[in-house]
Amino acid sequence: MINRIIQALGVDPVQWRALVRTYLRMDFRAGGGATTRTGSGRARGHPLVGVAIITGLGGAMFATLAARIPDLLVSATLLTSYGGINTVMLLLVDFTGLVVSPDDYGVLGHRPVSSRTYFASRLASILAYIGFVSVVLALLPAVCYALWWQLGITGLAFTFAAVVLCNVSATIVIITVYAMMLSLVHPHRLRRALSYLQLVSMMGFYVAYYLSMEGFRNSFLFRLSFSDQPWMWINPASWFAAFVRLAAGGVPWMVWVASGAALAISIGCIPLAAGRLSLEYAQQLAETTVAGEPATRRRFRLPGFGRAESRAVALLVSAQFRFDQRFRMAILGIIPLILFYLLLGLNQGALADPFSPDARSSAGVPLYMAVVFMPMTLHASLHYSDSWRAAWIFFATPASAARLIVAAKNIVTVWFLGGYLLLLAAIWSYYYERIWHAFFHAAVIGLLAHMLLQITVMMRPSLPFAAEPRKVERSARLYSVLFFGSMIAAIIPTFLPYVYVSTALTAVVVAVMVAMTAALEYTLRLRVTEAIGDLEFRA
Amino acid sequence: MIETENLTRHYGKRIALHALSIRVAAGEILGFLGPNGAGKSTTVKLLTGMIKPTAGRARVAGFDVSTDPLEVKRRIGYVPESAALYESLTAREFLDVIGSLYHEPMESAQQRIEELLDRFGLADAKDQRLSEFSKGMKQKVLIASALMHRPEVLFLDEPLTGLDANAALIVKELIRSLAAQGRTIFFCSHVLEVVERVCSRIIIIDNGRAIADGTPAEIAAKTGARSLEEAFVALTGTRDTAQVTHELLEALER
């Protein structure tokens, strides 16, 4: 029966089954690269567990909203909107890992696999993953609608349908857009085009994340009611949310129309993507992942890292940025985050001189979020690479692995964190009573961020670009950084005003911070040397 | 078995292959030689249907690679130059997947997988992941995967890379035996001694153009060389090796 349906779609059922089995198997196995003899160098457990936990926490948040917001359609729209944005973010961060692997072309290009069969198997494996994330996200809100709203089993089923279909449609739309860009734009230019797409969508994700956090903090989400506003239907996620409203019964005609539109999108977008996701697509993708900027361009150097291991890592970082699309997109994806938090932080009173007694303790939380997120996220990005096999050089040369790891941390500190702090200091200089206040304050939060980075590296020391990217691992890390980073960032502004109460106290606190930095650096080197003692290369 | 007519491929403005017209009969072992970047891999990718020609046409096993790529792919086996494998799979799993892609019946496929792995000395490692395999072991898996479905035409791009002397001997003998069964072998290699010993006919390409075609002895005679190696150097315009070596050593001294 299933075979007949698959055949009717022009897909080879035997090949489809074999490929889906292979992709799922590959997704759940650890990759290669630098690892300890016992394999403990890689993350413990599958990254999918991390994504499930963070998504489940998101689900809990939306279940709370569902219980508190009196308008069912509003809470369901918030849920499906978040689900859709979350899916887009997952796909863009992990596209070559999640949707199509550039390796496919090398392995399958000369095999008798039709583009349609390839598409169907890749789509099945990605939908299995997106379906899993969707079910985890929808679980608690669905239970809430079933019990709190007393929608029963219908409410449960319709909530799952709304979230799953919304996320599946978002997936297919992203695949289609990506494939269209790939067929229209040359790989060299595509890299740039994809970077812009990444920037826009990351911005959307951060905005949604921040607004939901703020909404919770200020409880304004609980008072939201816009289901009678016609503009709410501009958001396609609200069409899927209409399913949940259907379960409540007695619905206006617009909800029926919206549900029908959602269903039509879900069914209609599959053939839209079907013609695009092919082995030729995988070939183009393979070209994209290795396509760099034209060789005539002047090489970007990282001054200050001119000797031995630090020079090697500095060169690697700049070269990877030019040639490794995955790394480039991870770096560029942080820019909107910084801009967003910078603007938001400045808007919320972060321009007040902290030495002034009028400075509010909670001012500028978002600004500190960026200070915390950026080095942690960047450091996580240095871990993986499509060129992970080249990490043999760290093992075959007399390079000190400890120095390589510390050099990677220092590059993040000096070039990325340092640049951001200089920008902040320049802005503050204009508003603060004295210029040195601005630079001193920047140095203090820089010390704090650096300490956090030291702790992050200590917790999981890893050689730069030496690990094989695993499905969703990057997304899982991003989620963790966002989640735990928010908590840490919220503490900083409550502590900072006390630093500037008196000159003596400021001196003591800064001295303590410098001492702690030095102690952490010493411990970090010891820890890194110990942790990498039995590191070996598997490829 | 293989026929090309003015087969051409451009990469942007660069011409990777220019108007290649060749014919390879059933049972023939064709050695396809050329310096680095001459267009060998492009030719193989065109003939295996992995990329499309910019101009010209090619037929493999009776089918046009542009219009019937799937029919061509069903009848060919290919050992690529780089070890393109799904490395998180075990050797047995990988060959199982390949068998399924060619619609090999499960039982006979399983039997063939066991036999191939056993003959290549991989029986003990069959349940290890390919990422843990050595280069030579991966090469054996690639060769096994190319033979799984008993192809009519076999494309071998540096098939002896990484193989130990014993395995290399077996593969060379295997190539001859497969040709004796009437299968066509398209053999790309830089190891001229091997090509000279294994291939019945040789084509040399340079800058995307075929510059010599014949038996090793014919090519050597045409260029007035004593060996295929000398003929290759003469035809492809390699610089004086002694001079290059001297310059390299000088560079190391600086």
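Taking only Cα atoms, what is the 0 to 90° angle, nearest 10, from helix B:165-180's long axis to the longest principal axis of chain B?
Approximately 90 degrees, to the nearest 10.
How high is the FRET efficiency between B:S200 and A:V177 when r is their beta carbon distance and R₀ equals 51 Å, given to the nearest 0.05? Please report the intermediate quantities before stating the final value.
Numbers: r = 52 Å, r/R0 = 1.02.
Efficiency computed from Cβ-Cβ geometry: 0.45.
Could you calculate the FRET efficiency of B:E250 with A:L147 from 1/(1 + (r/R0)^6), where r is the beta carbon distance between them and R0 is 60 Å, rounded to 0.05? Can you show the working numbers first?
Values: r = 82 Å, r/R0 = 1.37.
Computed FRET efficiency for B:E250 and A:L147 comes out at 0.15.
Quick one: which residues, 5+ away or cross-chain, put their amide H under 5 Å from the amide H of B:R209? H built at 1.01 Å from N.
B:H18
Under a Cβ-only charge scheme (Lys and Arg +1, Asp and Glu -1), can you give me the dipole magnitude of chain B about the Cα centre, in debye to the nearest 20?
Rounded to the nearest 20 debye, it is 720 debye.
Roughly how many nanometres apart are two label points built 7 Å out from the Cα toward the Cβ at B:K135 and A:N3?
If labels sit at B:K135 and A:N3, their model points lie 4.4 nm apart.
Which order do B:E253, B:E218 take by accessible area at a 1.4 Å probe, largest first?
Working: B:E253 155, B:E218 95 Å².
Result, largest first: B:E253, B:E218.
Between A:A507 and A:V414, what FRET efficiency follows from the Cβ-Cβ distance if R0 is 22 Å, with the result rounded to 0.05?
0.30
Mind checking which aspartates and glutamates have their C-alpha under 16 Å from A:K409, skipping anything on the same chain fewer than 8 residues away?
Candidates past the 8-residue exclusion: A:E309, A:E521.
If I model a spin label at A:R21 and A:T529 as a point 7 Å from the Cα along the Cα→Cβ vector, what separation in nanometres do I get?
Placing both labels 7 Å beyond Cα along the Cβ direction yields 5.1 nm.
Among B:L17, B:L33, B:L116, which one moves the most in a GNM of chain B with springs linking Cα atoms closer than 10 Å?
Per the Cα network of chain B with a 10 Å cutoff, B:L116 tops the list.
Fully extended, how many nm does the chain gain between A:V514 and A:S429 (0.36 nm per residue separation, minus their Cα-Cα distance)? Could the numbers behind the result be given before it?
Values: separation 85, 0.36 × 85 = 30.60 nm, distance 2.33 nm.
Between A:V514 and A:S429, full extension yields 28.3 nm more.
List nothing, just return the count: lysine pairs in chain B, 8 or more apart or interchain, with Cα separation under 24 Å.
26
The values are calculated or read from the model by the stated rules, or taken from the named source; none is laboratory data. Here the structure is a predicted model, which means the values were calculated and not measured. Cβ: placed from backbone, ideal geometry, glycine included. Neighbour counts: every protein chain shown. SASA here: full protein model, heavy atoms, side chains in, ligands and nucleic acids out. Shrake-Rupley method; radii C 1.70, N 1.55, O 1.52, S 1.80 Å.
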